[in-house]
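The values are calculated or read from the model by the stated rules, or taken from the named source; none is laboratory data. This is a predicted model, so every value here is computed, not measured. Neighbour counts are summed over all protein chains in view; Cβ atoms, including those assigned to glycine, are modelled from backbone coordinates with ideal geometry. These area figures cover heavy atoms from the full protein model, side chains too; ligands, DNA and RNA do not enter into them. Shrake-Rupley method; radii C 1.70, N 1.55, O 1.52, S 1.80 Å.
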Amino acid sequence: MDFDVLFLGSGQGAWNGAIPMAKAGLKVGVIEEGLFGGVCTNRGCNAKITLDRPVELLRQVEHLQGRGFDSLPALNWHDLMAHKHEVIDSLAESNKQKLENAGVKTIIGHGTFVDSHTIEVADTNYTAEKVVIVSGRLPHRLNIPGSELFHDSTDFLVMEEMPERMTLIGGGYIAMEFATIANAFGSDVTVILRGTKILRDFHQPYVQEVVNDLKRRGVKFQMKVTLEAAEQTENGIVLHGKEGYQHTTDYVIDATGRVPQTENMNFEGIGLEFDAVKGIPVNEYLETNLPGVYATGDILDKKQPKITPVAAYESQYLAHLFAGDTNQPIVYPPIAYNVFTSPRIATAGITVEEAEQSPEKYKITAVDYAGKDWFHQVGNDEINKITFVYDKDDYMVGVTNVGNDAVETVDGLLDVMNSKLKAPDQEELIYIFPSIAHSYMKYI
């Protein structure tokens, strides 16, 4: 065999495990046909948060108008896009170098399975005892006449000009985050949904807080719209839908979700089980139906959130498994996840909805930070609410927060949950005062 472990893809589910595997003495290879580091590093999370940063700061200044500030800074999309390239463009080569410096063989090109232990790249076959599929997901595209006029998340993240009118199709992470950014930079934003539920993974009363704030800022939400066609006209792109629906815009982003990247890799030919919508099913060791073929990251058919930290955790687990450090199945701890709107929504552990369905097992408490907590009033937060979920032994098992500092708050409380801390144990946590941590510890 050429390799002990061969990764098909170089995203977070690959290099987080490939490097420790190589350091443990395994012969490791990574196949990549695009940018090393995958979507998150190059065309997703990192780029998105760079473009969002000025929006986050602008919101803070807005809240302090008449309380220390008497004007708002002007946002400049051209300068920001140049800064994004400055921050992001070198990351792919940096990730490639990190792999090679650790002793990982990098192979550039499209990988196709010949059999379960052989992958062909540019007419060369590479064999491995174990193969790990890290092919991730791609933007879903609506299949309607005129959909070639639509853009996707990758296009938005390199967009040179902010359009006067932007329309986003969908109500998930991408639609809401991009609507937040585009609106702040002056675009007339419309969000079109086939149904009525926005950000279905999050506590809906908190989602409504975000939606109401966006509406107040001019974002329009059009619900129960089934699009049937699009056409380019002199006045812009016209979207047509059922019951005579029409909407004219300058720029359309298809944000209707992401689908597994399974095409042109010969999964069928080698007998690999997969679903074109859900992804690849694996067992408790992340192994597919084919012995020696594993998968990590967003390509998995799993209930855990399809986010970067989970892919990294899975990759690190495989490093321990393949190096012989463990023979136990993977166990996922409580996972924190969020949406980068303004304000943010973040959650970890048992959700409010899950707790409400089992009142015999959980109790729920809520705090309006914006109205009650002096530290959050320092920044004149308009929206900041948090809900805690406890089990019957008074251990915190879930938290959800909507607010500008929701990410830091939920990250900190995740540590409390994982450490199984409750009073009086929490007295041993002496945080800086004043701080976000000192503030939330008063209420748990």
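Within region 289-312, being among the hydroxyl-bearing types (Ser, Thr, Tyr) and either assigned to a strand (DSSP E or B) or surrounded by fewer than 24 Cβ atoms within 10 Å (Cβ to Cβ) (or both) holds for TYR294, THR308.
Residue-by-condition table, conditions (1) touching a strand residue (DSSP E or B) at 6+ places or on another chain (Cβ under 8 Å); (2) surrounded by fewer than 19 Cβ atoms within 10 Å (Cβ to Cβ); (3) farther than 30 Å from ILE133 by Cα; (4) not assigned by the TED database to the domain that holds VAL282:
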| position | (1), (2), (3), (4) |
| --- | --- |
| GLN328 | no, yes, no, yes |
| TYR332 | no, yes, no, yes |
| PRO359 | no, yes, yes, yes |
| ASP368 | yes, yes, yes, yes |
| GLY371 | no, yes, yes, yes |
| HIS376 | yes, no, yes, yes |
| GLU382 | no, yes, yes, yes |
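Filtered by the rule that a residue be open to solvent by 70 Å² or more (accessible area, probe 1.4 Å) and either in contact with a strand residue (DSSP E or B) (Cβ under 9 Å, 6 or more places away or on another chain) or under 30 Å from PRO54 (Cβ atoms) (or both), region 421-441 gives TYR431, ILE432, PHE433.
Scoring LEU272 on the criteria (1) closer than 23 Å to PRO139 by Cα; (2) surrounded by 14 or more Cβ atoms within 10 Å (Cβ to Cβ); (3) without any contact (Cβ under 8 Å) to a residue 24 or more places away in the chain leaves a single failure, condition (3). Residues considered: THR106, THR41. Of these, the only one that is part of a strand (DSSP E or B), hydroxyl-bearing (Ser, Thr, Tyr) and closer than 18 Å to SER315 by Cβ is THR106.
LYS130 - would you say it is surrounded by 20 or more Cβ atoms within 10 Å (Cβ to Cβ), touching a strand residue (DSSP E or B) at 6+ places or on another chain (Cβ under 9 Å) and of a type in the set (Lys, Arg)?
Numbers: surrounded by 20 or more Cβ atoms within 10 Å (Cβ to Cβ): yes; touching a strand residue (DSSP E or B) at 6+ places or on another chain (Cβ under 9 Å): yes; of a type in the set (Lys, Arg): yes.
For LYS130, the condition - surrounded by 20 or more Cβ atoms within 10 Å (Cβ to Cβ), touching a strand residue (DSSP E or B) at 6+ places or on another chain (Cβ under 9 Å) and of a type in the set (Lys, Arg) - is met.
Where strands (runs of 3 or more DSSP E) sit wholly within region 335-376, those with at least 3 residues that are closer than 27 Å to ILE181 by Cβ and touching a residue at least 40 places away in the same chain (Cβ under 8 Å) occupy 336-339, 344-349.
Here the condition is being buried (at least 20 other Cβ atoms within 10 Å of the Cβ), over 28 Å from ALA14 (Cβ atoms), in contact with a Gly (Cβ under 6 Å, 6 or more places away or on another chain) and not assigned by the TED database to the domain that holds LEU35; of ILE181, ILE198, it holds for ILE198 alone. Considering region 388-402, the residues that are out of contact with any helix residue (DSSP H, G or I) (no Cβ under 6 Å at 6 or more places or on another chain) and assigned to a strand (DSSP E or B) include one that is surrounded by the fewest Cβ atoms within 10 Å (Cβ to Cβ), namely ASP391.
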